[in-house]
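Student: Before anything else, here's the structure in question.
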Amino acid sequence: MVKLVVSDMDGTLLGPGSFLGQEALSIVEHLKQRGIGFTIATGRSRSLSEGYEALLGLELPYISCNGAMILRRGQVIKRYSIPLCGLRALIEEADRQEMSIVFSIDGEEFYLRETPWILEKRESEGFYQNRMDLSETVWETLCLEKIMIMDGDASGRIGQIEAKCRALPAQYGFTRYNDRSVEIVHREATKANGIRFLSQYLGIPMKEILAIGDHQNDCEMLRAAGIGVAVANAIPAAQENADYVTSGDHLAGVLEAVHTFCLKE
């Protein structure tokens with residue numbers, strides 16, 4: 001029996017343009033009436049996800065920054081951080097190649113330079129308003145939750161950055177997303193570890209957790225959960241790691257998963 005549903009956001013619960021359909025709010029209420037909890041697991045930082053926490057009326061903690069932070073109504077319950085100093089050569093190389101670089105620091109987003117991709121995301125979704133100043137003191141002392149390096153042209157150059165990530169010290173972990181981006185976090189900061197923490201924190205066995213996702217950073221979570229569901233628009237790797245693949249995409253897939261495994265009499 002499912003006692004907790006954990007859904008990814010972008011590409012899963014959210015439609016294009018970060019749109020959250022009214023049905024998402026209804027499904028949370030239906031689950032609540034059945035005594036089933038609902039929360040989110042997202043790669044977004046606190047500043048880009050807390051509005052959805054409020055819209056959905058979440059009562060349980062949620063996973064942000066791919067597991068680097070677990071939050072509840074602004075309170076940090078768990079946090080993994082990484083030192084910036086160990087990433088200097090990698091960041092400077094990405095900057096030389098004019099890639100977009102975004103830092104997640106204490107739940108806020110900062111960009112290094114105004115690239116075309118940064119400007120497009122700011123125009124379309126209001127992201128990335130704050131610029132990062134990398135002084136020597138910042139390089140030497142800053143710890144943060146996540147760094148994202150984005151090749152907005154999807155030229156394949158991100159493979160060079162991934163190769164450098166593989167040579168990082170053991171405390172760093174990373175995820176590559178096709179030919180577009182790499183995200184670097186603490187090696188223990190994963191959505192899978194996030195739901196393992198929630199399992200212990202809430203006293204819900206892993207076998208009673210339903211996880212839903214669509215992308216590379218969801219694969220381990222789909223394997224770890226009692227039931228792992230990939231929405232129809234999920235990448236092949238996510239579908240291969242899921243127990244069930246929906247016929248509907250995005251929110252329609254989430255609704256299908258919830259009705260299939262939680263709401264049927």
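The values are calculated or read from the model by the stated rules, or taken from the named source; none is laboratory data. Bear in mind that the values here come from a model prediction, so they are computed numbers and not experimental data. Quick reminder, even Gly has a Cβ in these numbers, built from the backbone with ideal geometry, and neighbours come from all protein chains shown. Ligands, DNA and RNA are excluded from the accessible area calculation, which covers all protein heavy atoms including side chains. Shrake-Rupley method; radii C 1.70, N 1.55, O 1.52, S 1.80 Å.
Student: Of the conditions (1) open to solvent by less than 10 Å² (accessible area, probe 1.4 Å); (2) farther than 18 Å from residue 62 by Cα, residue 211 clears all except one; give me its number.
Tutor: (2)
Student: Return the residue satisfying two criteria in turn: it lies in the range 126-148 and is within 13 Å of residue 88 (Cβ to Cβ) and acidic (Asp, Glu), and of such residues it is least open to solvent (accessible area, probe 1.4 Å).
Tutor: Result: 136.
Student: Further question: For the range 218-231, how many residues meet the condition of being part of a helix (DSSP H, G or I), touching a residue at least 24 places away in the same chain (Cβ under 8 Å) and crowded, with 24+ Cβ neighbours inside 10 Å? Outline the logic, then answer.
Tutor: Start the filter on the range 218-231 by keeping residues that are part of a helix (DSSP H, G or I), which leaves 218-224.
If we keep only those that are touching a residue at least 24 places away in the same chain (Cβ under 8 Å) too, we end up with 218, 220-221, 223-224.
Going one step further and asking which of them are crowded, with 24+ Cβ neighbours inside 10 Å, we end up with 218, 221.
Counting residues in the range 218-231 that are part of a helix (DSSP H, G or I), touching a residue at least 24 places away in the same chain (Cβ under 8 Å) and crowded, with 24+ Cβ neighbours inside 10 Å gives 2.
Student: Further, regarding this structure: So, in the range 223-247, exactly how many residues are of a type outside the set (Val, Ile, Thr) and within 11 Å of residue 12 (Cβ to Cβ)? It would help to see each step written out before you state the result.
Tutor: Of the range 223-247, the ones of a type outside the set (Val, Ile, Thr) are 223-226, 228, 230, 232-234, 236-244, 247.
Narrowing the set further to residues that are within 11 Å of residue 12 (Cβ to Cβ) leaves 230, 232-234, 238.
So the answer is 5.
Student: In the range 2-16, which residues are open to solvent by 60 Å² or more (accessible area, probe 1.4 Å) and assigned to a strand (DSSP E or B)?
Tutor: Here is the first cut: in the range 2-16, the residues open to solvent by 60 Å² or more (accessible area, probe 1.4 Å) are 3, 10, 16.
Selection gives 10 alone.
Student: So which residues in the range 17-30 are open to solvent by 40 Å² or more (accessible area, probe 1.4 Å) and within 18 Å of the chain's Cα centre (by Cα), if there are any at all?
Tutor: If the condition is that a residue be open to solvent by 40 Å² or more (accessible area, probe 1.4 Å) and within 18 Å of the chain's Cα centre (by Cα), then 17, 19 are the ones that fit.
Student: Counting only residues that are open to solvent by less than 50 Å² (accessible area, probe 1.4 Å) and closer than 21 Å to residue 40 by Cβ, how many does the range 166-196 have?
Tutor: Residues in the range 166-196 being open to solvent by less than 50 Å² (accessible area, probe 1.4 Å) and closer than 21 Å to residue 40 by Cβ: 14 in total.
Student: Within the range 45-60, identify whether any single residue is open to solvent by 10 Å² or more (accessible area, probe 1.4 Å), assigned to a strand (DSSP E or B) and either under 22 Å from residue 161 (Cβ atoms) or among the aromatic types (Phe, Trp, Tyr) (or both), and answer yes or no.
Tutor: There is no residue in the range 45-60 that is open to solvent by 10 Å² or more (accessible area, probe 1.4 Å), assigned to a strand (DSSP E or B) and either under 22 Å from residue 161 (Cβ atoms) or among the aromatic types (Phe, Trp, Tyr) (or both).
Student: So, in the range 31-49, of the ones that are free of Cβ contacts under 8 Å to residues at least 60 places away in the same chain and within 13 Å of the chain's Cα centre (by Cα), which residue ends up farthest from residue 102 (Cα to Cα)?
Tutor: So the first thing to find is which residues in the range 31-49 are free of Cβ contacts under 8 Å to residues at least 60 places away in the same chain, and the list is 32-33, 35, 38, 40, 42, 44, 49.
Then keep just the ones that are within 13 Å of the chain's Cα centre (by Cα); that gives 40, 42, 44, 49.
Values: 40: 22, 42: 16, 44: 11, 49: 16 Å.
Looking at the filtered set, the residue picked out is 40.
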